[in-house]
Structures are given as C-alpha cells and as structure tokens.
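Just below is one structure, and these are the notes that go with it.
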Amino acid sequence: MTAPIHSIWLMPSATDGASLTEVVTRLSQRFGTPLFVPHLTMKGDSDMPLTALEAAIEKAADEAAAFPEAVAGIDTSDAYF
C-alpha cells in the first residue's frame, strides 16, 4: 500500500482569500484551467506519518508568533499544482 501524501498550506485571511479567489476564478474561466483554493504551500507532498507531521506543525506553531503580511503580488508558474 502506498503511504498517504500530505501538504501543509498557509491560508490567507478571509478578506484576502475572497479577493484571491475572485482572481483565480476569473483566470480559470479565461484560460480554461482548474479552480484551486488560494494558499501558500509550506511543505508539499510529504509522506511523513500523519502523527509525526501534526507534531512537527504544532511545535512550529508554538515557536512562531502570528504575524500579518500584506499580499505583495500574485505569482504563476507552468507547474500543474
């Protein structure tokens, strides 16, 4: 059996998320691409056991204070997700 794969995302605030979703929706319709949830991938395609991954995330969250960050731009690439 193949190990499950997980990715860790940071999500924008509700206000920024709504604005980014509008942009993604317009571009998806314009270029015929799939819709996706706007996010910042912190770690992609991890096969770390879920309990270990959860513990690592909790440890990192405990060690880092929350902070606001303005959206400075929107980036693109040729990568499919």
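The values are calculated or read from the model by the stated rules, or taken from the named source; none is laboratory data. None of these values were measured; they are calculated from a predicted model. FYI the Cβ positions are ideal-geometry reconstructions off the backbone, even for glycines, and counts take in every protein chain you see. The protein model used for the area step is the full one, side chains on, heavy atoms only, and it has no ligands, DNA or RNA in it. Shrake-Rupley method; radii C 1.70, N 1.55, O 1.52, S 1.80 Å.
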Could you please tell me which pairs satisfy a Cβ distance under 9 Å, a separation of 6+ or placement on different chains, a first residue in region 30-43 that is under 14 Å from residue 57 (Cβ atoms), and a second residue that is of a type outside the set (A, V, I, L, M, F, W, C) and not in a loop (DSSP other than H, G, I, E, B)? 41/7; 42/7; 43/6; 43/7
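Considering only residues that are open to solvent by 100 Å² or more (accessible area, probe 1.4 Å) and free of Cβ contacts under 8 Å to residues at least 40 places away in the same chain, look in region 69-81 and name the one that is nearest to residue 33 (Cα to Cα).
First, pick out the residues of region 69-81 that are open to solvent by 100 Å² or more (accessible area, probe 1.4 Å): 69, 72, 74-76, 78, 80-81.
Narrowing further to those that are free of Cβ contacts under 8 Å to residues at least 40 places away in the same chain: 69, 72, 75-76, 78, 80.
Values: 69: 28, 72: 23, 75: 15, 76: 13, 78: 12, 80: 10 Å.
Here the residue is 80.
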In region 1-35, anything open to solvent by 80 Å² or more (accessible area, probe 1.4 Å), in contact with a His (Cβ under 9 Å, 6 or more places away or on another chain) and either over 17 Å from residue 69 (Cβ atoms) or in a loop (DSSP other than H, G, I, E, B) (or both) is listed as 11
Residues located in region 44-56, provided they are polar (S, T, N, Q) and open to solvent by 70 Å² or more (accessible area, probe 1.4 Å): 51
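Any residue at all in region 36-43 that's assigned to a loop (DSSP other than H, G, I, E, B), β-branched (Val, Ile, Thr) and open to solvent by less than 100 Å² (accessible area, probe 1.4 Å)? Before you say what the answer is, go through the steps one by one.
So the first thing to find is which residues in region 36-43 are assigned to a loop (DSSP other than H, G, I, E, B), and the list is 36-39.
Next, from what is left, pick out any that are β-branched (Val, Ile, Thr): 37.
Subset that is open to solvent by less than 100 Å² (accessible area, probe 1.4 Å): 37.
Yes: one or more hits.
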Flagged in region 57-68 as without any contact (Cβ under 8 Å) to a residue 40 or more places away in the chain, open to solvent by less than 100 Å² (accessible area, probe 1.4 Å) and within 17 Å of the chain's Cα centre (by Cα), in numbering order, are 60, 61
By residue number, the members of region 27-81 that are under 22 Å from residue 5 (Cβ atoms) and among the basic types (Lys, Arg) are 43, 59
